[in-house]
Amino acid sequence: MTLLFLGGTGVISEAVSRLAVERGHDVTLVNRGRTVPSQPHGARVVVCDVRDTHALASALQRRSFDVVVNWIAYTPEHVRADIELFRGRTQQYIFISSATVYEKPPRHYLIMENTPRGNPFSPYAQNKIACEDVLMDAWRRERFPVTIVRPSYTYGNTKIPSDISVTDYTLVERMKRGKPVIVHGDGQSLWTLTHNSDFAVGLLGLCGQPRALGEAFHITSDEVLTWDQIYHAVGAAAGVRPQLVHVPVEIIEAYDPGKTAGLRGDKMYSMVFDNSKIKSLVPEFAARVPFAEGVRRSVAWFEADPARMCVNADANVLFDRIIAGLRRALPQ
C-alpha cells in the first residue's frame, strides 16, 4: 500500500511508521523536519508545514495514496482542509482522535465505540469530537472514506506514563531520590496503558480495510491496572519501591488549575476498553507488551543516554508544594 502519514514521528505514530516500512509498504511522512531523527529508514520524508494547505498540495504534487493518516489534526478546520485536499485522492482517510472524547464522568466503566461522547472538562476532547462530526458528515453526504481511531494512553520508549502530565525522567528521578510521588485520588481507579508497538499492529491492520470506512475504533491494551499498580511498576523498572502520596483531585487543581483537563477530563475515572470491534476486523491485533515490560524498556531507554534523563524542575517544585500543603492540612 501507499501510505501518507501527516506527522508520523511522534510517540504513537513512529511505531506505526516503523512497522509499515518493515512490512514493505510505501510510506511517505510529512512533517516540519524537527523530529526527523525518529523517522524509520526507508520512509520518504516531505518537509512541509501541514497547516499550510497550499504548500502541502504543492509538495504532494497531486499524488494519490491508498491511505492517508492524519496524526496531528486537532480542530474542525484541520479536517475540513484535509477533505478538500484528499477528496478523490485516497481510498481511506484515518483520523487519529482520542479516547478522551468518551463521556466524563462515565456512566459505566466499560467503554465501547458506541459509548456516548462528551467531555466538558477538556477543550482538546471537545475539538476532537467536533472533528469526528465533520468527518462523519462528509462520509454520510459524499462517502468521504473516513475511519476514526481513538487511542487511549499510549506510550513507548520515550514516554514514562504519569497521571499528572510529566512523562520525561522526572518521575523516576524523584523515586530514586526517595522523594514522594503524587497519585491522584486513592490510587484505585482503573486505567489502561497501551504500548505503541501493540497499537501499531491494530492501526496498520485497519489500513486498506473497506469494512473500516465510516466506522470508529479504539485500539488499547486489555491489561487493566490501578494507578497505584502503575506507579509501583514504574518504581520496579527503576529498581526502587516508590513512596506514594494520595492527593485528592480538588487539591491538585487548587495548586494547578491546568491539571483539570487531564484529571477530570480523563485520568481520574476508571476506563476499561472493550476491544472486540478492532479484534473482529484485525485478528492479529493483541496487546502483547504488559506494562511492567513496556515501562522497563522506557526507563532503560532514558538511562542509556544521560542527555535523555531530563528533569522538570518546575514540576518538582509543584509536586513538593502540593505534598507539603496536604501534610499541613492533615491532623497532627
### Residue check for S58: over 24 Å from S152 (Cα atoms) and assigned by TED's automatic domain parsing to the domain that holds Q92
yes
#### Entry: Top-ranked residue in segment 149-165 [being within 14 Å of the chain's Cα centre (by Cα) and among the β-branched types (V, I, T); ranked as surrounded by the most Cβ atoms within 10 Å (Cβ to Cβ)]
T154
### Query
Would you call A138 under 17 Å from L281 (Cβ atoms), out of contact with any strand residue (DSSP E or B) (no Cβ under 6 Å at 6 or more places or on another chain), among the hydrophobic types (A, V, I, L, M, F, W, C) and crowded, with 19+ Cβ neighbours inside 10 Å?
no
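In a helix (DSSP H, G or I), free of Cβ contacts under 8 Å to residues at least 12 places away in the same chain and of a type outside the set (V, I, T): which single residue out of E77, E132, E84 fits that description?
E77
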### Query
Quick one: M175 ticks every box in (1) buried (at least 22 other Cβ atoms within 10 Å of the Cβ); (2) in contact with a helix residue (DSSP H, G or I) (Cβ under 6 Å, 6 or more places away or on another chain); (3) not in a helix (DSSP H, G or I) bar one, so which box is it?
(3)
### Task
For segment 195-208, indicate whether the set of residues that are surrounded by 22 or more Cβ atoms within 10 Å (Cβ to Cβ), modelled with pLDDT under 95 and either acidic (D, E) or under 21 Å from S13 (Cα atoms) (or both) is non-empty.
no
### Task
List the number of the failed condition for A55; all other conditions in (1) in a helix (DSSP H, G or I); (2) under 21 Å from the mean Cα position of the chain (by Cα); (3) modelled with pLDDT of 90 or more hold.
(2)
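Restricting to segment 61-74, and then to whatever is surrounded by 14 or more Cβ atoms within 10 Å (Cβ to Cβ) and out of contact with any Phe, Trp or Tyr (no Cβ under 9 Å at 6 or more places or on another chain), can you tell me which residue is nearest to G214 (Cα to Cα)? Write out each step before concluding.
Just the residues of segment 61-74 that are surrounded by 14 or more Cβ atoms within 10 Å (Cβ to Cβ), to begin with: 65-74.
Then keep just the ones that are out of contact with any Phe, Trp or Tyr (no Cβ under 9 Å at 6 or more places or on another chain); that gives 66, 72.
Numbers: D66: 16, I72: 20 Å.
Among residues in segment 61-74 that are surrounded by 14 or more Cβ atoms within 10 Å (Cβ to Cβ) and out of contact with any Phe, Trp or Tyr (no Cβ under 9 Å at 6 or more places or on another chain), the one nearest to G214 (Cα to Cα) is D66.
The values are calculated or read from the model by the stated rules, or taken from the named source; none is laboratory data. Just so it is clear, the model here is predicted, and its values are computed rather than measured. With ideal geometry, Cβ positions are generated from the backbone for all residues, glycine too; neighbour counts draw on all protein chains shown.
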